[in-house]
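Chemist: Once you've had a glance at the structure underneath, I'll fire off some questions.
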Amino acid sequence: MQPLSLVIHGGAGTILKEDMTPELEAAYIKGLDDALKAGYAVLEQDGTSAHAVKAAIVVLEDNLLFNAGRGSVFTKKGVQEMDAAIMDGKTLEAGSVAGVRNVRNPIELAEEVMNNSNHVFLSGKGANDFAIKQGIKLEPDEYFFSQFRYDQWKQMRDSDNYSLDHTHQGLEELMKDKKFGTVGAVACDAFGNIAAATSTGGMTNKKYGRIGDSPLIGAGTYANNNTCAISCTGHGEPFIRAVAAYDVSCLMEYKGMTLQQAMNEVVHVKLLAMGGEGGMIGVDAKGNTGMVFNSAGMYRAMLNSQGEHVVGIYKD
Ligand code: ASP
């Protein structure tokens, strides 16, 4: 039997211990652990890596602390527009959605696109129509309301600024102190198949239908059994220009790098040179895992069948 591995993230950025209360820290750790357990239970029951990453993401999307699903940030218009993607490394099948509204779990819609449409990427109203047709669970606007996200948006809505996720500080601080709350998961199952998934509300006060790297196959999400499964988090624009997730795969495929070497190269060399703050999680088909970031912190957790269990927030 192949070793089982699951890695998740809950966003990267300027996450500093001095800004955190013990209660909030405990809540984040519990949120990560709950998601890890849900995803790992699928792997232990011989479920597929694609099912495992979805199960983990659903738990994170349902948790208000993370900028995805229920906890998604407000756009300039004062609504939530969510992006998600999933990719199966065995089949190279993928499904993505961008700018969807009122979908309880955007990752389920992305999975539906992957499994039951002839397409890879649906956006906006069309994606919502597809959700309705396929019976994907919708929720009213109130479901996505949280006071702290509203307050965060209120500070910005009259400006042209946008921010890469939540903070409780003033506008100046907000722009300086970037935090990213996107969620992601990668897994290796008992059959040696790997998968990746990412889900996000994007950036506070975003407009013009802005879409980041998360739902873009190859940029924020990628999986291929021959190389790796990767989910990214951070400032989406440089990650798109770096084709970050696929670049890790390419470095493994064409340069023979290990997962860890390739992730280090992309995060600490390539992205850093482009001003791309953030990080990524990865797994290969042997169950090796990586959690790499160039920001002050990244909400992250991993569990494998060798008994390794790591939950982290800050730089060690
Ligand atoms: N990468 C996401 C985006 O640019 C944000 C994040 O990771 O928090 O939309």
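The values are calculated or read from the model by the stated rules, or taken from the named source; none is laboratory data. As the structure is a prediction and not an experimental result, all values here were calculated from the model. Using ideal geometry, Cβ is built from the backbone for each residue, glycine included, and neighbour counts are taken over all protein chains shown. Side chains included, ligands, DNA and RNA excluded: accessible areas come from the protein's heavy atoms. Shrake-Rupley method; radii C 1.70, N 1.55, O 1.52, S 1.80 Å.
Chemist: Out of the trypsin sites (Lys or Arg not before Pro) in segment 125-154, which ones are loop residues according to DSSP with at most 14 other C-beta atoms within 10 Å? The partial results should precede the final answer.
Modeler: Numbers: sites: K125, K133, K137, R149, K154; in loops: K137.
Those satisfying the criteria are K137.
Chemist: Follow-up question, since we're still on this one. Over the chain, average the accessible area per residue using a 1.4 Å probe and give it in Å², no decimals.
Modeler: Numbers: 12350 Å² over 316 residues.
So the chain comes to 39 Å² accessible per residue, rounded to a whole number.
Chemist: Right, something else. Given R₀ = 35 Å, FRET efficiency for Q260-K30 by Cβ-Cβ distance, to 0.05? Don't skip to the end; give the middle numbers.
Modeler: Working: r = 28 Å, r/R0 = 0.80.
It comes to 0.80.
Chemist: Using a/c under 1.5 as the rounded threshold, could you call segment 31-77 rounded, prolate or oblate? The axes a ≥ b ≥ c are square roots of the C-alpha gyration tensor eigenvalues, and prolate needs a/b larger than b/c, oblate otherwise.
Modeler: Values: a/c = 5.23, a/b = 2.42, b/c = 2.16.
Note, shape of segment 31-77 comes out prolate.
Chemist: Ok, one more. Just need the Rg to Rh number for segment 4-144, please, alpha carbons only, Kirkwood Rh.
Modeler: Numbers: Rg = 15.7 Å, Rh = 15.9 Å.
With Rh from the inverse mean 1/r over Cα pairs, Rg/Rh is 0.99.
Chemist: Label points 7 Å out from Cα along the Cβ direction at F148 and Q306: separation in nm?
Modeler: Inter-label distance under the simple model: 3.5 nm.
Chemist: May I pose another question? What shape does segment 1-87 have by the C-alpha gyration tensor, where a ≥ b ≥ c are the square roots of the eigenvalues, rounded means a/c under 1.5, and otherwise prolate means a/b greater than b/c and oblate the rest?
Modeler: On the way: a/c = 2.52, a/b = 1.41, b/c = 1.78.
Taking the square roots of the gyration eigenvalues as a ≥ b ≥ c, segment 1-87 is oblate.
Chemist: Give me the percent of Cα-Cα pairs in the chain that sit more than 33 Å apart, rounded to a whole number. Spell out each step's value before the answer.
Modeler: Working: 7351 of 49770 pairs.
Every Cα pair in the chain considered, those over 33 Å come to 15 percent.
Chemist: Within segment 199-248, list the chymotrypsin sites (Phe, Trp or Tyr not before Pro) lying in a DSSP loop whose Cβ has at most 11 other Cβ atoms in a 10 Å radius.
Modeler: Y208
Chemist: List the pair-distance distribution P(r) of segment 197-316, using every Cα-Cα distance, as the percent of pairs falling in each 10 Å bin from 0 up to the bin containing the longest distance, rounded to whole percents.
Modeler: The calculated distribution, bin by bin, is 14, 46, 32, 7, 0.
Chemist: Go through segment 236-316 and name the trypsin sites (Lys or Arg not before Pro) that are in a DSSP coil and have 14 or fewer other Cβ atoms within 10 Å of their Cβ.
Modeler: Details: sites: R241, K255, K270, K286, R300, K315; in loops: K286, K315.
Qualifying residues, ordered by number: K286, K315.
Chemist: Can you give the helix-only mean residue ellipticity at 222 nm for the chain, where every DSSP H stretch with n ≥ 4 adds -39500 (n - 2.57) and the sum goes over all residues, rounded to the nearest 500 deg cm²/dmol? Walk me through the numbers on the way to the answer.
Modeler: Values: 9 runs with 97 residues, N = 316.
For the chain, the value works out to -9000 deg cm²/dmol.
Chemist: Continuing with this model, one more query. Round to a whole number: what % of the accessible area of the chain belongs to carbon and sulfur, probe 1.4 Å? If you can, show how the numbers build up before the last one.
Modeler: Values: 6420 of 12350 Å².
Carbon-and-sulfur percentage of accessible area, whole number: 52.
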